[in-house]
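Each remark here refers to the structure printed beneath this line.
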Amino acid sequence: MTAGRFVEPLGLLTGPVAFHALREGFALPLQGGDIAFSFVRLIEDGEDLGVGPIKEVPEDWHDAMHAIAQRPVPFAGLASDRPLVMGVVNVTPDSFSDGGRHFDPAVAIAAGNAMLAAGADILDVGGESTRPGAAAIDAAEEIARILPVVRELAKAAPVSVDTRNAATMQAALDAGAEIVNDVSALRHDPAALTLLAKSQAPVVLMHMPGDDPATMQSRASYDDVALEVAGFLRDRIATCEALGIPRGRIAVDPGIGFGKTLAHNLALIDRLPLLAALGCRVVLGASRKRFIGTLSGVEEAGQRVPGSIAAALAGAARGASVLRVHDVAETVQALTVWRACAAGRAPEG
């Protein structure tokens, strides 16, 4: 059972319908953005108390409901008026998504620059594979892999370092990285929390059962995956805040594919607005994941681009603030068209 209260936004609206519903008081903006919600589900200590329109929510739930309508602080100083695209740069020999194609630092740097040219807002550089069953490497090897890449790409754009190790975090931040992206939500390395509190760097906290990718799939068991993931992330945010990392420097990631089955992944994407209640930006990393191949019958990860775009748009429509993707140009194009269609007009400028 997940203790505490949660308000889950439902009845999402966009475009002119959202505008009129907001004006008439029948909806509230999801995290202050262009998506509105007109219904909510109230959950207390794991019990579903029911679904109703926002105007019928009991008064003692109003503060929690209206908190979801507040726009979070811009994460890492980046734009907050549209979903951001985070390009994945894996400097590993065994990545599930590209099979080590960017293991050479020069190739990885070129790939990162190509992603920036295609419209990426952030580059996420990682030196350790975290695919299911992946073997861990030590921090020294991880640092050797990523440092030349981070140092070069940080000259051109905000760089996030994808790591569980405090030593790697520090080395990457010293080399110019601005964001830490930790699949263990700062649980793997005891030194990570203190480092982040002192560094002032923003951090992405991701849900994964346990803190080891090698065993996470054996722990894919939940009564209510969306509620349990939200409860875990809420608790990690509280831990960070208690140690001096304010909520404005935190983004959350439900961990698609990390200790999750196909059904779990689909439920998390469908109920992504539940994470908006945490008051942090939401990161979604569904790109090329196995569940896309299972649904589409496409075995090779690199051939899952259309399915990855579909998952990204589903996430954006449910309030994802940052989309972590391998195929930047295709995702940027899809988002541009999706936003124009949702708004009923072409973007300005």
Discussion item. Looking only at the range 44-82, count every residue that is crowded, with 16+ Cβ neighbours inside 10 Å, assigned to a loop (DSSP other than H, G, I, E, B) and within 27 Å of the chain's Cα centre (by Cα) and tell me the total.
Written reply: 6
Practice prompt. Please tell me if Gly259 is more than 27 Å from Ile122 (Cα to Cα) and touching a residue at least 40 places away in the same chain (Cβ under 8 Å).
Written response: no
Worksheet item: Can you spot a residue in the range 107-122 that is of a type in the set (D, E, K, R) and out of contact with any strand residue (DSSP E or B) (no Cβ under 6 Å at 6 or more places or on another chain)?
Response: no
Worksheet, complete the sentence: How many residues of the range 1-43 are part of a strand (DSSP E or B), closer than 30 Å to Ser221 by Cα and not charged (D, E, K, R)? The answer is 11
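Filter the range 3-43 for residues that are of a type in the set (Asp, Glu) and crowded, with 16+ Cβ neighbours inside 10 Å and give the result.
Glu8, Asp34
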Worksheet entry | Answer from Val325, Val337 - the residue that is at pLDDT 95 or above, touching a strand residue (DSSP E or B) at 6+ places or on another chain (Cβ under 7 Å) and hydrophobic (A, V, I, L, M, F, W, C) | Val325
Practice prompt. Spot the failing condition for Gly315; the list is (1) closer than 26 Å to Val7 by Cβ; (2) among the small types (Gly, Ala, Ser); (3) surrounded by fewer than 17 Cβ atoms within 10 Å (Cβ to Cβ), and only one is missed.
Written response: (3)
Worksheet item: Among (1) within 22 Å of the chain's Cα centre (by Cα); (2) crowded, with 18+ Cβ neighbours inside 10 Å, which single condition is Ala175 missing?
Response: (1)
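Matching residues to (1) more than 20 Å from Leu284 (Cα to Cα); (2) among the acidic types (Asp, Glu); (3) outside the structural domain of Pro209 (by TED's automatic domain parsing):
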| position | (1), (2), (3) |
| --- | --- |
| Glu142 | yes, yes, no |
| Glu152 | yes, yes, no |
| Asp162 | no, yes, no |
| Asn165 | yes, no, no |
| Met169 | yes, no, no |
| Ala172 | yes, no, no |
| Gly176 | yes, no, no |
| Val183 | no, no, no |
| Ala192 | yes, no, no |
Worksheet item: Is there a residue in the range 143-160 that is modelled with pLDDT of 95 or more and in contact with a His (Cβ under 9 Å, 6 or more places away or on another chain)?
Response: yes
Worksheet item: So which residues in the range 213-227 are under 15 Å from Ser184 (Cα atoms) and either at pLDDT 85 or above or charged (D, E, K, R) (or both), if there are any at all?
Response: Arg219
Practice prompt. Identify the single condition in (1) in contact with a Cys (Cβ under 7 Å, 6 or more places away or on another chain); (2) modelled with pLDDT of 95 or more; (3) not β-branched (Val, Ile, Thr) that Glu59 does not satisfy, given that it satisfies every other one.
Written response: (1)
Worksheet item: Across the range 241-254, what is the total count of residues that are more than 13 Å from Pro209 (Cβ to Cβ) and in contact with a helix residue (DSSP H, G or I) (Cβ under 7 Å, 6 or more places away or on another chain)?
Response: 8
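The values are calculated or read from the model by the stated rules, or taken from the named source; none is laboratory data. Because the structure is a prediction, the values reported are computed rather than measured. Glycine also receives a Cβ, built like all others from the backbone with ideal geometry; neighbour counts cover every protein chain displayed.
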